[in-house]
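This report refers to the structure that appears directly beneath it.
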Amino acid sequence: MDKNTITAKRAGQSDLPYEKGNEGKSLVYFTRDLSAEGLCRIFDRVAGPLKGRIAVKLHTGEPHGPNIIPRPWVRELFETRLPGGAIVETNTYYDGDRYTTPQHRKTLSINGWDFCPVDIMDEEGTVFLPVKGGKWFSEMSMGKSIQSYDSMLVLTHFKGHQVGGFGGADKNIGIGCADGRIGKAMIHTTPGSTDMWDIQKEEFMERMTESAKAVVDYFSPHITFINVLRNMSVSCDCEGTAAKPVVTPNIGIVASDDILAADQASVDLVYALREEDHHDLVHRIESRRGLRQLSYMKELSMGNDAYRLLDIDHDDREITPAEAVEGVKPFTL
């Protein structure tokens, strides 16, 4: 897909001021190095905003989830860059292996998240954080211990999502910081409905994004974002071993202190792949109206969809998404 086609996918986004980087564009760093070393190197480029007690919002996955960010990568990041940090999660809205705190802790053990503290933020209750400028919410219910942290690294496995179209940084904190009983219900379910998943498409994207805004505003400017574009099934990691097979090629890792720029660049990288390589994931994104996540983040002044993509593998040379995916081979197990 060419640059003009990618741009056309942003139809409806308004031009809101958001000055960052050169020429008013946000900086997004990129590496093809999908390894612990690559993750640590790109983290160094966006670590500046982090201070004090650092929360790392990470989807730790269902039992034996095949596509989550490899534990050894995250362990290396904690041991060399984040001593004293903690992974943060919340319990799920659906009844499963992470529905209650004891079930969740058993799943964490199964998946090997035992090398650092893991804080299930709604274990001891909830707290409402304000949503500024939202049309659905004025506040969102979050895991209570989110207030225990001074800054947040949003470390996201970028992939598809059965309701959101794609799961990037917006979904990671919008759903992942909302508590399992109140906040997630506010996002997913019309009050009084017997269908707990009845909110879909554009409305769901907007509700989820307003929840993410509450988190961004709470930590700003001490929040930064890393998306890992690897093992990108059309399914979310919440589907565990039932996830659809991965058919989208691995691309690399992006990082920015701008949530919209990070997710926009990730989507653009997927769209820049050959049609036969991105067909399934693009169909999942568009059939769920997932691009509304990006346009609504811009409307809420959460970030900038204009960015400079800097290749840290080649001395921060500025590249296009199409250049970034040159030579990417079809996915094979």
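The values are calculated or read from the model by the stated rules, or taken from the named source; none is laboratory data. Computed from a predicted model, the values in this text were never measured in an experiment. Don't worry about glycine lacking a Cβ; one is built from the backbone with ideal geometry, like all the others, and counts go over all protein chains shown.
Just one of the numbered conditions (1) in contact with a helix residue (DSSP H, G or I) (Cβ under 6 Å, 6 or more places away or on another chain); (2) under 24 Å from Pro72 (Cβ atoms) is not true of Ser109; which one?
Checking Ser109 against (1) in contact with a helix residue (DSSP H, G or I) (Cβ under 6 Å, 6 or more places away or on another chain); (2) under 24 Å from Pro72 (Cβ atoms), the one that fails is (1).
Every residue, every condition in (1) small (Gly, Ala, Ser); (2) in a strand (DSSP E or B); (3) more than 30 Å from Glu206 (Cβ to Cβ), yes or no:
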residue: Ile87; (1), (2), (3): no, yes, no
residue: Tyr93; (1), (2), (3): no, no, no
residue: Gly96; (1), (2), (3): yes, no, no
residue: Val127; (1), (2), (3): no, yes, no
residue: Gly134; (1), (2), (3): yes, no, no
residue: Met140; (1), (2), (3): no, yes, no
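Quick grid of which residues meet (1) in contact (Cβ under 8 Å) with a residue 40 or more places away in the chain; (2) out of contact with any Gly (no Cβ under 6 Å at 6 or more places or on another chain):
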position: Glu124; (1), (2): no, yes
position: Gly133; (1), (2): yes, yes
position: Phe137; (1), (2): yes, yes
position: Leu153; (1), (2): yes, yes
position: Ala169; (1), (2): yes, yes
position: Asp179; (1), (2): yes, no
position: Lys184; (1), (2): yes, yes
position: Gly192; (1), (2): no, yes
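Here are some residues: Val246, Val228. Which one is under 12 Å from the mean Cα position of the chain (by Cα) and either buried (at least 20 other Cβ atoms within 10 Å of the Cβ) or in a helix (DSSP H, G or I) (or both)?
Val228
For the stretch 84-93, which residues satisfy the criterion of being at pLDDT 95 or above and over 14 Å from the mean Cα position of the chain (by Cα)?
Gly85, Ala86, Ile87, Thr90, Asn91, Thr92, Tyr93
Hey, among Glu323, Glu286, Glu275, Glu299, which residue is over 15 Å from the mean Cα position of the chain (by Cα), within 24 Å of Thr224 (Cα to Cα), at pLDDT 95 or above and among the charged types (D, E, K, R)?
Glu299
Go through the residues of the stretch 69-81 one by one and say whether even a single one is in a loop (DSSP other than H, G, I, E, B), under 17 Å from the mean Cα position of the chain (by Cα) and on the phi < 0 side of the Ramachandran plot.
The answer is yes; a qualifying residue exists.
Taking the residues in the stretch 117-127 that are surrounded by 14 or more Cβ atoms within 10 Å (Cβ to Cβ) and over 21 Å from the mean Cα position of the chain (by Cα) as candidates, determine which candidate is nearest to Thr107 (Cα to Cα).
Glu123
Return the total of residues in the stretch 280-333 being among the aromatic types (Phe, Trp, Tyr) and closer than 29 Å to Arg41 by Cα.
Residues that pass the stated criteria total 2.
Since Lys329 meets every condition but one in (1) over 21 Å from Ile259 (Cβ atoms); (2) crowded, with 17+ Cβ neighbours inside 10 Å, which condition does it not meet?
All conditions pass for Lys329, except number (2).
Looking at the stretch 276-309, which of its residues are farther than 28 Å from Gly133 by Cβ and touching a helix residue (DSSP H, G or I) at 6+ places or on another chain (Cβ under 8 Å)?
Across the stretch 276-309, the qualifying residues are His278, Leu281, Val282, Leu309.
For the stretch 183-201, give me each residue that is surrounded by fewer than 16 Cβ atoms within 10 Å (Cβ to Cβ) and of a type outside the set (Ser, Thr, Tyr).
Of everything in the stretch 183-201, those that are surrounded by fewer than 16 Cβ atoms within 10 Å (Cβ to Cβ) and of a type outside the set (Ser, Thr, Tyr) turn out to be Pro191, Gly192, Asp195, Met196, Trp197, Asp198, Gln200, Lys201.
Looking at the stretch 1-60, which of the residues that are among the polar types (S, T, N, Q), at pLDDT 95 or above and not in a strand (DSSP E or B) is farthest from Lys144 (Cα to Cα)?
Looking only at the stretch 1-60, we keep the residues that are among the polar types (S, T, N, Q), and these are 4-5, 7, 13-14, 22, 26, 31, 35, 60.
Still in the running and at pLDDT 95 or above: 26, 31, 35, 60.
Subset that is not in a strand (DSSP E or B): 35, 60.
Working: Ser35: 33, Thr60: 19 Å.
Among residues in the stretch 1-60 that are among the polar types (S, T, N, Q), at pLDDT 95 or above and not in a strand (DSSP E or B), the one farthest from Lys144 (Cα to Cα) is Ser35.
Would you please list the contacts, defined by Cβ atoms under 8 Å and residues six or more apart or on different chains, that run from a residue in the stretch 74-89 that is of a type in the set (Phe, Trp, Tyr) to a residue that is crowded, with 16+ Cβ neighbours inside 10 Å?
Cβ pairs passing all conditions: Phe78/Val56; Phe78/Gly85; Phe78/Cys116.
Just the residues that are among the hydrophobic types (A, V, I, L, M, F, W, C), in a helix (DSSP H, G or I) and farther than 20 Å from Val28 by Cβ, please, taken from the stretch 151-207.
If the condition is that a residue be among the hydrophobic types (A, V, I, L, M, F, W, C), in a helix (DSSP H, G or I) and farther than 20 Å from Val28 by Cβ, then Ala185, Met186, Ile187, Phe204, Met205 are the ones that fit.
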